[in-house]
Amino acid sequence: MAKAKITAPSPKRARPGRRRPGLGLWTFFLSSLLLALMAGALALGLYGVQLDKIVREKFEGKRWALPARVYARPLELYVGRPITQEALVGELERLKYRRSSALERAGSFYVDADSVRIRTRPFRFWDGAEAERLVEVQIADAVITDMRSGTHGRDLALVRLDPALIASIYPTHNEDRVLLRREQLPPLLVKTLLAVEDRSYYQHQGIDPKGIIRAAYENLMAGRTVQGASTLTQQLVKNFYLTQDRTLERKAKEAYMAVLLDQRYSKEEILTAYANEVYLGQDGSRAIHGFGLASRFYFDRDLDELDIPQTALLVGILKGPGEYNPRRNPEKATERRNLVIDLMAFHQVISAEEAEAAKQAPLGIKDGGAKPAGEYPAFIQLVRRQLQRDYRETDLRSEGLRIFTTLDPLIQSQTEAAIAERMPKLDKQRRLPAGTLEAAAVVTSVAQGEVLAIVGGRDTDYAGFNRALDAVRSIGSAIKPVIYLTALAQPERYSLVSPIADRPINLRVGGQLWSPKNYDHRTHGSVPLYRALAKSYNLAAVNLGLQLGVTEVAEMLRKLGAVRPVSQVPAMLLGSASLPPIELAQVYQTIAAGGFRAPLRAIREVLNAAGQPLNRYPLAVEPVVGSDTAYLTQWAMRKVVEQGTATWLKQRLPEGMTVAGKTGTTNDMRDSWFAGFSGDRVLVVWVGRDDNKPMGLSGSSGALRVWGDIMAEISSEPLSDAVPDSIEIASACGSSGIPFSRGHAGNCGGSRGGGGSGGGSQSAPRRRAEPEPQLAQGQPEPEPEPTPVRRERNEPRNTNPFMSNFYDN
């Protein structure tokens, strides 16, 4: 029987044109998802390109707006320099040098008997870098007698200490920082920072996924946020690029930028930027950023000088500079510091024994850290006025300029101390309420025209009204040297012994009769020119001035350095001209410098943040009067001290300290002046009341006393007795040993007249003048003008490049 053939049934074929149900929908969904992912990836990539550009532009460009730093002139040490050991030590302490017998660190000193051993700090000046040195300075009788290297014993010709920081001009947002390089970050700080803030810093790529998971778990278990997951890179991104908003969008952007930053730059670059950027506290309106500045702010030490507990405190403050502020919340700060110390020990940054000892240490917070070496608001106002002429305000606040000024901190402190000591005595002498009288002073160097010190008022820390720059007061008899210098500039007509008529004069000015009088209500007939100046005879000065011409005297005042226009009326000859102390100092500077006008300057050099010079302020000298004329005027001004209105100085100043000057007193004793100079210093002092009321002090009884106190303290050289070649000594006109301009010896010329009713009317200005008050009680000046006189048409414009900015603010 045949077997039946069994075959498998053939599958049914799907009919063409028919699809499995749902397959099309699924394909569409996958395609759309793929397109969406591709679009998202593209958008994310484009967004990453944009963020990468932002990261690179700021990180590679100008990262921070840096404040301008303003420095005083450096203290220069050399054999023969007059300075006491006490003054030198005071200067070192002002520079925050520390006493240390070991002298292991730069910025330390040690006093031993009559010597001072100093390890100086390295510093980059405008003319090159000064290296760290070990120096031994011997001082005897207030003079440096020997100076040698403490390393190899060689004699040193000159040592320049690092200058004191006297001010900072902060960015608009008031951030301040001291930038550090990676090698300047102490290993202890770096290890502590990573142990507390980011233990896997050198392993992650900008974000730490494990840290994120760990933090999420800890926070979930605690039911609140107890642990963060931000890496140092993320913290830098948040502080450097982003706002402090707590949003998911900002957090995602922070993570993305952290990855980009980590890809672009090395770990060391990022760590350095973090150390300079991080916010660590507040000093009034000034924000403290970076560990370099924070170290000085809290401990008044450089970062590499910090010990374990101090380092731990800085790292601990990171979590909350307000909450853990060691000045306001010392208990919380101590608790946080100790927690950081425990972490340091746990991660083997320090030993357990070191940790226990560190936790027992006090916080060690110092006041006054990271601040200028002193408060010099009056001088800084002068500096800023000069800077604003040459730089934009934004550059001053953001470019990290280094400004080297002419301020001498020692002379400044001595000037302030003298005023602080004398002014209460003057208040008491006139039976005035304490603090009624005000004062201003300006000290300059004769040779360089540098402003060494400025006091704008009795409260030297007050940054408001600066009387040295802005108190425009009648200068009184302080104008008389200008009158006599104008005469002596004509040696064919006048000499020091020319007879000057000290006799009454009556002039009609502006419809009123002007009849000046002498202080003693007497007339003295015909007196030698030098004696008329020494005794400050008003009538002699007026008669001589009218003979010369008021316009000529006003022009001489301008040539000597006065910028402010003055009314050219006869009363100008007795000091109705109103000037601030700084401008009168410029006038006397020119006389003291032998007729050479050197525009006063407060700035020596300006460097950029890289140490490259931007602007130089060289000494600019212009001869405006003959050296013989200046010398003869100086000689006459010496007589003011020897036999005239300033003889009190002979008992106040050290023996042999020869000086010259002139008192000034205004109507009703409203202003008291003394302006004068030694061989190397010009000093102008004003005393008065802000309300312009009479105070009962003349130039001799007021400003002269302050002037003498200052000059007795500051380092100064006497006037030289050397006679210039342009001068010859002769006997003439009944006097012996009188200097004359060469070729004019024995000249007794000069007018014996010039007085009488209307005798000087031909010299009065042609333009209509304002009525002048009659001088009361023989005082030499009318009431001071309260505001500067505006420049009138066709009057000569100021050409002094420095003084021109005093009044344009």
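The values are calculated or read from the model by the stated rules, or taken from the named source; none is laboratory data. Note that the structure is predicted; figures quoted are calculated from it, not measured. In this analysis, Cβ positions are derived from the backbone assuming ideal geometry, glycine residues included, and neighbour counts consider all displayed protein chains. Ligands, DNA and RNA are stripped out before the accessible areas are found, and what is left, the full protein with its side chains, is counted by its heavy atoms. Shrake-Rupley method; radii C 1.70, N 1.55, O 1.52, S 1.80 Å.
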Problem set entry | Failed item, numbered, when Trp64 is tested on (1) open to solvent by less than 50 Å² (accessible area, probe 1.4 Å); (2) not in a loop (DSSP other than H, G, I, E, B) | (2)
For this session: Using the structure shown, decide if Ile403 is open to solvent by 20 Å² or more (accessible area, probe 1.4 Å), within 26 Å of Gly284 (Cβ to Cβ) and among the hydrophobic types (A, V, I, L, M, F, W, C).
Result: no
Problem set entry | Scope region 73-96; condition open to solvent by 50 Å² or more (accessible area, probe 1.4 Å), part of a helix (DSSP H, G or I) and more than 18 Å from Thr145 (Cα to Cα); matching residues | Glu93, Arg94
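Here is a yes/no grid of residues against (1) part of a loop (DSSP other than H, G, I, E, B); (2) open to solvent by less than 20 Å² (accessible area, probe 1.4 Å); (3) more than 23 Å from Glu183 (Cβ to Cβ):
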| site | (1), (2), (3) |
| --- | --- |
| Val315 | no, yes, no |
| Tyr324 | yes, no, yes |
| Arg328 | yes, no, yes |
| Arg337 | no, yes, yes |
| Ile341 | no, yes, yes |
| Glu356 | no, no, yes |
| Ala361 | yes, no, yes |
For this session: Please list, ordered by first then second residue, the pairs with beta carbon atoms under 8 Å, 6 or more apart or interchain, first in region 495-516 and over 30 Å from Arg742 (Cβ atoms) and assigned to a loop (DSSP other than H, G, I, E, B), second open to solvent by 10 Å² or more (accessible area, probe 1.4 Å) and of a type in the set (Gly, Ala, Ser).
Result: Arg503/Gly525; Arg503/Gly755; Arg503/Gly756; Pro504/Ser515; Pro504/Gly755; Pro504/Gly756; Gly510/Ala769
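Would you point out which residue out of Val625, Val606, Val566 is touching a Gly at 6+ places or on another chain (Cβ under 8 Å) and either more than 30 Å from Pro491 (Cβ to Cβ) or aliphatic (A, V, I, L, M) (or both)?
One residue alone meets the criteria, Val625.
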Exercise. When region 473-494 is examined, which residues are found to be assigned to a helix (DSSP H, G or I) and not aliphatic (A, V, I, L, M)?
Worked result: Gly476, Ser477, Lys480, Pro481, Tyr484, Thr486
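Does region 421-428 contain at least one residue that is part of a helix (DSSP H, G or I), hydrophobic (A, V, I, L, M, F, W, C) and open to solvent by less than 40 Å² (accessible area, probe 1.4 Å)?
Here is the first cut: in region 421-428, the residues part of a helix (DSSP H, G or I) are 421-428.
Those still in the list that are hydrophobic (A, V, I, L, M, F, W, C) too: 423, 426.
Checking the rest, the ones that are also open to solvent by less than 40 Å² (accessible area, probe 1.4 Å) come to 423, 426.
Taking every residue of region 421-428 in turn, at least one turns out to be part of a helix (DSSP H, G or I), hydrophobic (A, V, I, L, M, F, W, C) and open to solvent by less than 40 Å² (accessible area, probe 1.4 Å).
With the requirement that a residue be part of a loop (DSSP other than H, G, I, E, B) and crowded, with 24+ Cβ neighbours inside 10 Å, what does region 449-458 give you? Before the answer, list the steps.
Going through region 449-458, the residues part of a loop (DSSP other than H, G, I, E, B) turn out to be 449, 456-458.
Within region 449-458, Gly449, Gly456 meet the criteria.
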For this session: Evaluate region 367-382: report whether one residue or more is over 30 Å from Val451 (Cα atoms) and open to solvent by 30 Å² or more (accessible area, probe 1.4 Å).
Result: yes
Exercise. Taking region 434-448 as the search range and keeping residues that are of a type outside the set (A, V, I, L, M) and modelled with pLDDT under 95, which one is least open to solvent (accessible area, probe 1.4 Å)?
Worked result: Gly435
Exercise. Residues of region 142-182 being without any contact (Cβ under 8 Å) to a residue 40 or more places away in the chain, open to solvent by less than 40 Å² (accessible area, probe 1.4 Å) and among the hydroxyl-bearing types (Ser, Thr, Tyr), which ones?
Worked result: Ser149
Seminar exercise, completed: Taking region 516-532 and keeping only residues that are loosely packed, with under 13 Cβ neighbours inside 10 Å and farther than 12 Å from Ala501 by Cβ, one is left with Asp520, His521, Arg522
Exercise. When you scan region 231-259, how many residues do you find that are at pLDDT below 75 and charged (D, E, K, R)?
Worked result: 4
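Give me the residue from region 194-205 that is under 21 Å from Tyr265 (Cβ atoms) and assigned to a helix (DSSP H, G or I) and, out of that set, least open to solvent (accessible area, probe 1.4 Å). Write out each step before concluding.
Within region 194-205, the first condition is being under 21 Å from Tyr265 (Cβ atoms), and the residues that meet it are 194, 197-205.
Still in the list and also assigned to a helix (DSSP H, G or I): 194, 197.
Working: Leu194: 24, Glu197: 45 Å².
The residue in question is Leu194.
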Seminar exercise, completed: Of the residues in region 183-193, those that are open to solvent by 30 Å² or more (accessible area, probe 1.4 Å), more than 22 Å from Arg124 (Cβ to Cβ) and in contact (Cβ under 8 Å) with a residue 12 or more places away in the chain come to Leu188, Lys191
For this session: Residue by residue through region 579-601, note down the ones that are modelled with pLDDT of 95 or more and among the small types (Gly, Ala, Ser).
Result: Ala585, Ala592, Ala593, Gly594, Gly595
Exercise. Looking at region 322-338, is at least one residue within 30 Å of Ala167 (Cβ to Cβ) and hydrophobic (A, V, I, L, M, F, W, C)?
Worked result: yes
Exercise. Could we say that Ile479 is within 30 Å of the chain's Cα centre (by Cα), at pLDDT 95 or above and open to solvent by less than 10 Å² (accessible area, probe 1.4 Å) here?
Worked result: no
Exercise. Going through region 258-291 one residue at a time, which ones are in contact (Cβ under 8 Å) with a residue 40 or more places away in the chain, among the polar types (S, T, N, Q) and either open to solvent by 10 Å² or more (accessible area, probe 1.4 Å) or not in a helix (DSSP H, G or I) (or both)?
Worked result: Gln263, Thr272, Gln282, Ser285
Seminar exercise, completed: Out of (1) buried (at least 19 other Cβ atoms within 10 Å of the Cβ); (2) under 23 Å from Gly661 (Cβ atoms); (3) over 45 Å from the mean Cα position of the chain (by Cα), the one Leu507 does not meet is (2)
